1. Restricting things to alpha carbons, tell me how big the range 141-220 is in terms of Rg and Dmax, in Å.
2. GLU311 accessible area, nearest 10 Å², 1.4 Å probe?
3. For the pair LYS263/ASN16, report the inter-label distance in nm, with labels modelled 7 Å from Cα in the Cβ direction.
4. From the cross-link list LYS241/LYS342; LYS205/LYS299; LYS263/LYS347, which pairs have alpha carbons spaced over 27 Å apart?
5. Pairs LYS137/LYS247; LYS153/LYS209; LYS153/LYS182; LYS182/LYS209: which are spaced more than 25 Å apart, C-alpha to C-alpha?
6. Which net charge results when you count Lys and Arg as +1 and Asp and Glu as -1 among the other residues whose beta-carbon is under 13 Å from that of SER294?
7. Could you let me know the centre-to-centre spacing of the range 211-229 and the range 296-324, using Cα atoms, in angstrom?
8. Can you tell me the FRET efficiency between LYS237 and MET134 if r is taken as the Cβ-Cβ distance and R0 is 35 Å, rounded to the nearest 0.05?
Amino acid sequence: MDSNRLIELLARKMANEATPRELEELDELMAIYPDSLYYDDALKEIWAEAPKQSFSERIHLHQLYEKHKLKFQEEFETEVPEEEEVVPVSWFKKYTGFVAIACSLFLIALASLFYLNKKEAPDFDTEIVSGKGMRKKLKLPDGTLVWLNADSKLSYDNDINKKEQRLVHLTGEAFFDVAHMKNRPFIVRTNQISVKVLGTAFNVKAYDKDVVSEATLLRGSIELSVNNRSEQKILLKPSEKFAFTEKKKARNDEQDPEDISLKIENINPVRIDGQEYIEEISWKDDVLVFRNESLEDLKPRLERWFNVQIEINSSVSKSYRFTGIFKNENITEALTAMQLIKPFHFKLKADDIIIY
């Protein structure tokens, strides 16, 4: 029996992440190998206590092993009548099955830890998601206004206005107009940086797939820190932008200082057709602004904005640089307009774009 695969499928099922095909595969394995019920029982017991205790308190591997060993012994003994002669076996052979169960339980524990720890910490009770091609505006219970950009997620507690620290977690990009509350800071955490304010207006951009995370301040003041350098505080003044660049990740997710770049610069509006736009926050007004940006760097922004997948097959086209704005255009109109500036071809198939 492929116990590793069985454990993986059981853990995915408990985490509600198994696909229909994986569920079918799990049913087949459970039918072929009756011993898999031991794994299923152990994992269910671990999972049942998950909301009540910490993981270290939750995994009592020794007790689980003894419990399932006893169950295994009882079932084994019922199969052997007392009057029958039992052939003696060595200690190792006798307990091989029990050792295998213990090893399997240990692997289950590791699988459980992996899937449980995928959740963000702390565990917020409210989550707002803005899909690709969408932008949302919402008001938090404390009165803070939030504009959520495409392909972004904001998590917070519904009683945020009652907490000493008003904490939210952001994946993607959002503009915050924070309601002022004396001595009750508003904190935005991302997977890369954290921003702390009392009452101000600012933008945070921190997509997981982007190497650069940014915070742009319009008014008031904000205190920034990089998550693995929390002792280092950075203060921004109005019309300043902070950029954190993670050039590469070292082993064990530890960064070498040379692989991290921190930069503060002033916001410079983009002037197009006699009008000025602030590139960093124009998206909240449904305007996509880009300045001297290569097509390769512009690609993820276009994908999120228009909810498409783009493949660039020409190395020359990747290096083309563009400055412009999009307001009400669809992806075909946008790319056609860009063709007037630089020569390239594209073809559209469903939601996939190929540029060549």
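1. That works out to 11.8, 35 Å for Rg and Dmax.
2. Probe radius 1.4 Å; accessible area of GLU311 about 90 Å².
3. For LYS263 paired with ASN16, the spin-label model returns 4.2 nm.
4. Working: LYS241/LYS342 30 Å; LYS205/LYS299 16 Å; LYS263/LYS347 38 Å.
Pairs exceeding 27 Å: LYS241/LYS342; LYS263/LYS347.
5. Working: LYS137/LYS247 32 Å; LYS153/LYS209 14 Å; LYS153/LYS182 27 Å; LYS182/LYS209 35 Å.
LYS137/LYS247; LYS153/LYS182; LYS182/LYS209, as the Cα separations exceed 25 Å there.
6. Here the charged neighbours net out to +3.
7. Cα centroid to Cα centroid, the span is 26 Å.
8. So, using R0 = 35 Å, E works out to roughly 0.60.
The values are calculated or read from the model by the stated rules, or taken from the named source; none is laboratory data. Here the structure is a predicted model, which is why all the values come from computation and not from measurement. Cβ sites come from the backbone with ideal geometry, for glycine too, and all protein chains shown count toward neighbours. When the accessible area is computed, the model is the full protein with side chains, heavy atoms only, and any ligands, DNA or RNA have been set aside. Shrake-Rupley method; radii C 1.70, N 1.55, O 1.52, S 1.80 Å.
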